[in-house]
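Following: one structure in structure tokens, then a few remarks.
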Amino acid sequence: MGTNFRTGAATLNGHETVIGTTMMLAGENSREVAERVKARIAEIQTKLPDGVEIQIQYDRSQLIERTIRTVRTNLFEGAVLVLAVLLALFGNWRAALIVATAIPLSFLFALTGMLKGKVSGNLMSLGAVDFGLIIDGAVVIVENIVRRLGQRQHELGRPLTIPERAQTVLAASQQVSTPMFFGVVIIAVVYIPILALTGIEGKMFHPMALTVILALAGALLLALTLMPVLCSLVLRGKIQEGDNSVIRFVKVLYEPTLNLCLRLRWLVVAGAVVLCAGSVWLYNRLGAEFVPKLDEGSITSMLYKPVGMSLEESLKTDKEVENQLLKDFPEITRVFSRIGTSDIATDPMPPNESDFYIFYKPMAEWPKTDGRPANKAELNEQIEAMLKKINPDYNILIAQPIEMRFNEMLEGTRAELAVKIFGNDYDVLERLAEQIKTILEKTPGAAQVEFETEGRTPQLQINVKRDVLQRYSLQAEEVNKAIHAALLPVRGFRHQGSRRGKASTRAPAHRSVSESSLRIRHSSIPSDHDRFLRARRDRLTRKSSARARAGSSKPARTSLSLTPEPTVWRGFGHSL
């Protein structure tokens, strides 16, 4: 009965708003779901009253479209580059085109296997396809066929007939098929250990390994079957054996260099050893990143304000932060935030925590004046400095929307790396946390070291007079029920004629916790036993003391641990 507790809020560009989130079922295609949601939102918009508008603030399909464009561009440019190298280095342009046909056909074979095996096609799996690896087998087969055809024509002094050409192609293919087969298999076997990965690593790298293995399998089949057939059909007429102009130019430089290295072989070996040792020394001092970050095109800033801040104060603070962001950073187009916990608590947070979603213009449109950020990393640094200037007590964590969710699922916190300390004494935990933070701040490569939450949440501790419990022969369960009814919503049923519905009754929010607020009256007619118990409970409540003490999370030794149990009220006329 009455209003419910407000546990969350949302803002957009410095104004309070209402924000909803579409939840996708596990295993669904996020791009298809996003497109269907946008179509349904457009349909709903036509049925809304004047002045009410639904605006899409975050659309994951935009990131997916950019990723698809990146994959498509990389694959196309890679194929064109390989074709250009083949035309430049092969002595026969027809042979170069035959080898190039292995690229799209092998990729088609891999895509067919991915579709049938339900392998995810993403930036990592498709981007890992190396066209240089794919055409290795075809290059070996075709180059040997061209060499043997040229030799055979030179021996006969005339172009080969169709049976002679087919026989020569077959002999050339058989000559190199075995070493070529094992060479491609060895390359594919390198990816098999990746399939042994489990968990998140397995989900990330299994598609990449399977895609490469499928592409290599398709390339191997094509090299053993299609390449010889195409050579026998296309490589007609006079076939010249020899190097082209590019290879001849390289040999002119290579032969004297090789002769010089053979004369000074000990000096060359010593130089190679020194170079190898220097590489090892330099490698140990380089930074490393297992998987490069994907730029999602937006920023998520998790703002942890002082513990115990009310929702109203947190909402006011977020409005000021958004207005300041839009004022100080012309690179930013819009900002929205989520505060606390929504009605459907899919992502519960206390009122002092907020998630800011920051969207910016394309970097080509950013101001180029001095002091302005030149890239996303500098923009993150300046945003963090601005938030610290507003309140030095804020703890800030900068990430990206999808990256933040994955970190939270993997670590239980929104940082990429987290140190968790478990214990019962908060004084000891805080001291250890300070020591660990000091160590991490001195660690090379640590960009942000912050407490996720700092401080203690105020708590209500109720101390029960045990001598009074013994005097009236009461158990802790009776006290728990009384306190539960006074401080927490009382759930029961509301009857309207023949209809019955659930109802909750609670004390008004403006009432303070005192002795009077702990007294309970029940409007229904109780039984004699209930009346006796209620009389004892009222006497106990009047003689018990309740006080609110902030900053303590460890109950005193003489206190009673109160665990409220669910109470079913059969009446509907309760008053607190």
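Before moving on, here are some points about what is shown:
- Residue among LEU210, LEU221, LEU233 that is touching a residue at least 40 places away in the same chain (Cβ under 8 Å), closer than 18 Å to VAL99 by Cα, not assigned by TED's automatic domain parsing to the domain that holds PHE406 and not basic (Lys, Arg): LEU221
- Qualifying residues in the range 349-380 (those that are buried (at least 18 other Cβ atoms within 10 Å of the Cβ) and of a type in the set (Ser, Thr, Tyr)) - the one nearest to the chain's Cα centre (by Cα): TYR357
- Among the residues of the range 154-201, the ones that are of a type in the set (A, V, I, L, M) and not in a helix (DSSP H, G or I) come to 3 in all.
- In the set ALA270, ALA223, ALA209, ALA219, only one residue is assigned to a helix (DSSP H, G or I), touching a Phe, Trp or Tyr at 6+ places or on another chain (Cβ under 7 Å) and surrounded by 11 or more Cβ atoms within 10 Å (Cβ to Cβ); that residue is ALA209.
- Residue in the range 224-232 that is of a type outside the set (Phe, Trp, Tyr), farther than 22 Å from LEU89 by Cβ and modelled with pLDDT under 90 present: yes
- Inter-residue pairs, beta-carbon under 6 Å, first over 10 Å from GLY218 (Cβ atoms) and in contact (Cβ under 8 Å) with a residue 12 or more places away in the chain and in the range 87-116, second among the β-branched types (Val, Ile, Thr) and outside any loop (DSSP other than H, G, I, E, B), 6+ apart: ALA88/VAL246; ASN92/VAL146; ARG94/VAL234; ALA95/VAL142; ALA95/VAL146; ILE98/VAL142; VAL99/VAL139; VAL99/VAL142
- You will find that of ILE141, ILE134, the residue that is of a type in the set (Val, Ile, Thr), touching a Cys at 6+ places or on another chain (Cβ under 9 Å) and within 20 Å of ALA95 (Cβ to Cβ) is ILE141 and no other.
- Of the residues making up the range 323-348, those that are of a type outside the set (Gly, Ala, Ser), under 25 Å from PHE5 (Cα atoms) and exposed (fewer than 12 other Cβ atoms within 10 Å of the Cβ) are ASP343, ILE344, THR346, PRO348.
- Enumeration of residues in the range 41-64 that are touching a residue at least 40 places away in the same chain (Cβ under 8 Å) and assigned to a helix (DSSP H, G or I): ARG60, GLN62, LEU63
- Within the option set ILE339, ILE299, being in contact (Cβ under 8 Å) with a residue 40 or more places away in the chain, in a strand (DSSP E or B) and farther than 17 Å from GLY8 by Cβ holds for one residue only, ILE299.
- Selected residue (criterion: nearest to THR178 (Cα to Cα)) from residues of the range 129-157 that are crowded, with 16+ Cβ neighbours inside 10 Å and of a type in the set (Gly, Ala, Ser): GLY137
- Every residue from the range 362-396 that is basic (Lys, Arg), free of Cβ contacts under 8 Å to residues at least 60 places away in the same chain and touching an Asp or Glu at 6+ places or on another chain (Cβ under 9 Å): ARG372
The values are calculated or read from the model by the stated rules, or taken from the named source; none is laboratory data. Note that the coordinates shown come from a computational prediction; the quantities given were computed from them, not determined experimentally. Here the Cβ is made from the backbone with ideal geometry for all residues, glycine too, and neighbour counts use every protein chain on show.
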